[in-house]
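Data first, discussion second: the structure below is written as structure tokens.
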């Protein structure tokens, strides 16, 4: 029989050393894997917190835009630098001007613009918490985005033409003719032989009479459109009346005016020589043959005559039969406010009211420049390319 060879002490020692080395290596690898796993978990938590902080900052910026639209004097969260809890974290907002620091930023040169600085935080707003800062420059958008919009009814009857042009390019008919979009939070009715060169949208119905045409897209039912209120009350009441006698001439230079009523008599002229904004609480009536911002002594730009009226009811704004020209934009926000232009009138601009009534061959030319102009009563909107995320410390 063969004798078993005996294992030497040296061989047993080597095996022990190898075993210890393997165990040490496994321990090191296990520790490394645990460290990596822990680090990855922390990275995931930090990324989640960073994303939540960013969305908090974005939500705060959106909220600030809505607040500015409702109140142009909104300055940000109060008190300044105090955090407002929301969801998993908090936010704070500064509106520049007037609160241009901290963080230090330069107020925009355009007095109509604001810079919103919104900070979103998870846990708290001091390091090492996750924070995100969003800056956006906003300015009021024009409410005159439609040729005509009725908060109740928009009606055209008997040979009315609605088309568009762009006064920034030149006088009518220069510019795209088929962007005269109309709308209503109620119904739209086109009676006999009327034409709209643009789209039509109504919360209710759109009815076309014999020979009437809408050249663009018709959408009904459509979502309603909200127009923000405008304070027409004078700073020191009562407001005066503006009356231009038959055949007479009156002139308004650039500025802001408060009137109760405006009456432009038969064949009378109201010249506008610079950008004019009128706030009024009574009726606006123009008799046949009147020329309003329409002669060579005027700018003839509809964006230079903006009329905001809180007068409600029938004939809140009316151009009486007999023709004439009106170049401007009207925003009649009173309850049941009717904006009516009758036979022979040519209107350049934009019309907003509870009820829009164009009749008997009125020629209505929507000025596309009004949709781009900065006007009171417009909702604040971000300027192109201004929405940016910045380092919280920048």
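The table for this structure:
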quantity	calculated
Some residue of the stretch 300-307 being surrounded by fewer than 18 Cβ atoms within 10 Å (Cβ to Cβ) and closer than 20 Å to residue 346 by Cβ	no
Those residues of the stretch 77-91 which are surrounded by fewer than 22 Cβ atoms within 10 Å (Cβ to Cβ) and part of a strand (DSSP E or B), in sequence order	84, 85, 86
Complete set of residues in the stretch 130-148 that are in a strand (DSSP E or B), at pLDDT below 85 and under 11 Å from the mean Cα position of the chain (by Cα)	139, 140
Odd one out for residue 134 among (1) surrounded by 16 or more Cβ atoms within 10 Å (Cβ to Cβ); (2) assigned by TED's automatic domain parsing to the domain that holds residue 330; (3) touching a helix residue (DSSP H, G or I) at 6+ places or on another chain (Cβ under 8 Å)	(2)
Candidates 348, 331 - the one that is under 23 Å from residue 112 (Cα atoms), in contact (Cβ under 8 Å) with a residue 12 or more places away in the chain and in a strand (DSSP E or B)	331
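The values are calculated or read from the model by the stated rules, or taken from the named source; none is laboratory data. Predicted model only: the values in this text are computed from it and were never measured. Using ideal geometry, Cβ is built from the backbone for each residue, glycine included, and neighbour counts are taken over all protein chains shown.
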